[in-house]
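Everything on this sheet refers to the single structure shown next.
The values are calculated or read from the model by the stated rules, or taken from the named source; none is laboratory data. What you see is a predicted model, and the numbers here were worked out from it, not measured in a lab. We place every Cβ from the backbone using ideal geometry, glycine too, and count neighbours over all the protein chains shown.
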Amino acid sequence: MTAQEKMARARAELVMDHPFFGSLALKLRLAPDPACTGMWTDGRTLGYRPALVDALPVDTAVGLLAHEVLHIVCSHHLRRLGRDEALWNRACDYAVNGILKNAGFTLPSKALFDPAYADRSVDDIFAALLRRQEETRRGGGLGDGGREETTAETAPGGGGRKNDAGQAVDTPEATAEKPQAAPPDMNLDERSGKKAPAAGDTESPDGDASPDPALVGEVRDHPRTDGAPSPRDRLERERELRVSLAQAINQAGQAGGMGDLPAGLVRLVEAIIRPRLDWRRLLRRFIEQNAVSDYSWLPPNRRYVHLGLILPSLKNQELPDIVLAIDSSGSISRDALSLFCAELSAILADFDTRITVLFCDAEVRQAISFTRLDLPLRLDPEGGGGTDFRPAFAKVDELGLRPACLIYLTDLECDRFPAQPDYPVLWAAYGPSDAETADTPPFGEVVRIGD
């Protein structure tokens, strides 16, 4: 069986036995990559080293394929944000391998795993690994010739930590990096005893004597982000991911595969699809992503100076007109309106823009414009009839407005929606998120505003 055939078989088994992972794996383009250590993904492509795949049992290839898919599920290809790439990969591996073990996958013998990192975010794990790295660097010092001194705690296989009796003990990370015996089906060259290269590979896996375990299942930055995506790009990639995850959950549910997933993974996916963020943060992020940013080289962006990169810093943000449509049918309470106005007042203080407010029930009752000179906002809705979302959007066209975005404050208890406009729309839905009467908008984003 060639490496290409084994990858196709591994993906087929993933589809059959783990439909959630399988449906996501089918979206990735398989590409042989003799230069890589094992497998890698950037959210679009899944690269694999033919020699390594040849050497792996099929069940381990399935596990490594699921490992790459879970990196995408966790948005690891979008979240590095300029951090050390090697350390980021190790943190990501610790974050996903525990979930995969609980799900019953077989992982390579060198896979990084530590129960201490269970249920911790990759950002927390990265911070912990970074602290450990700094402590080791300060404690080890430099010997003659500028090389780092080898101690019982830093030597390979040295254990990394000591117990109360002062004896060296293996840490999970050190144990994971120890050389392992070759799998039973490893193809060996009879004369040299080394693993033979696969078709299309330029060298055997022995070319990397001690590869970083994290690079066996590597995650790379999305090809459009370069490690530090803009807020707009990241939001777009995250939106695409949420759609893919929703489709994967639907397919897995139809195949009866969601019940086989560990509870931790189900909670993770649910949190990604329906993030429970404070509505104020979501509202501000939605508005900020539609702002026009102006950058300056003086001063430079301090965030990347330590990396040797001189990049411009944000000078100011300009925001075109915003339209705020308010459901004045009587379903929005005064308290909710006051809460929303307070947040909009803060946003209007930060951005030099104009907000056009439309009070609308079954028709637009009133249209008023505000600037920062009118702060704080005080709104007194006119209306009280039925609800229809279409007149507010028609009014925007009638006034000749080209808004940066439209925000509609409503309880969503209406099914009369217009055609999708060519500007972003945010539905600020007031009331419980599980309201049976609430309709799902056919377009735009939804943020829930609690009581």
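If you take the residues of the range 104-143 that are at pLDDT below 85 and surrounded by 14 or more Cβ atoms within 10 Å (Cβ to Cβ), which of them is nearest to residue 78 (Cα to Cα)?
Once the filter is applied, the top-ranked residue is 118.
On the basis of being of a type outside the set (D, E, K, R), out of contact with any Asp or Glu (no Cβ under 7 Å at 6 or more places or on another chain) and modelled with pLDDT of 70 or more, does residue 310 make the cut?
It is false that residue 310 is of a type outside the set (D, E, K, R), out of contact with any Asp or Glu (no Cβ under 7 Å at 6 or more places or on another chain) and modelled with pLDDT of 70 or more.
If I go through the range 313-350 residue by residue, how many of them are in contact with a Lys or Arg (Cβ under 6 Å, 6 or more places away or on another chain) and modelled with pLDDT under 75?
Of the residues in the range 313-350, 0 are in contact with a Lys or Arg (Cβ under 6 Å, 6 or more places away or on another chain) and modelled with pLDDT under 75.
Looking only at the range 424-444, how many residues end up being surrounded by fewer than 17 Cβ atoms within 10 Å (Cβ to Cβ) and either at pLDDT 85 or above or not assigned by TED's automatic domain parsing to the domain that holds residue 363 (or both)?
Within the range 424-444, residues that are surrounded by fewer than 17 Cβ atoms within 10 Å (Cβ to Cβ) and either at pLDDT 85 or above or not assigned by TED's automatic domain parsing to the domain that holds residue 363 (or both) number 2.
Scan the range 84-117 for residues that are part of a loop (DSSP other than H, G, I, E, B) and of a type in the set (Phe, Trp, Tyr) and jot them down.
105, 113
Quick grid of which residues meet (1) of a type outside the set (Ser, Thr, Tyr); (2) under 24 Å from residue 104 (Cα atoms):
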{"position": "23", "(1), (2)": "no, yes"}
{"position": "26", "(1), (2)": "yes, yes"}
{"position": "34", "(1), (2)": "yes, no"}
{"position": "40", "(1), (2)": "yes, yes"}
{"position": "44", "(1), (2)": "yes, no"}
{"position": "50", "(1), (2)": "yes, no"}
{"position": "55", "(1), (2)": "yes, yes"}
{"position": "58", "(1), (2)": "yes, yes"}
{"position": "71", "(1), (2)": "yes, yes"}
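Where residues in the range 22-77 are polar (S, T, N, Q) and not in a loop (DSSP other than H, G, I, E, B), which of them is nearest to residue 92 (Cα to Cα)?
So the residue we want is 41.
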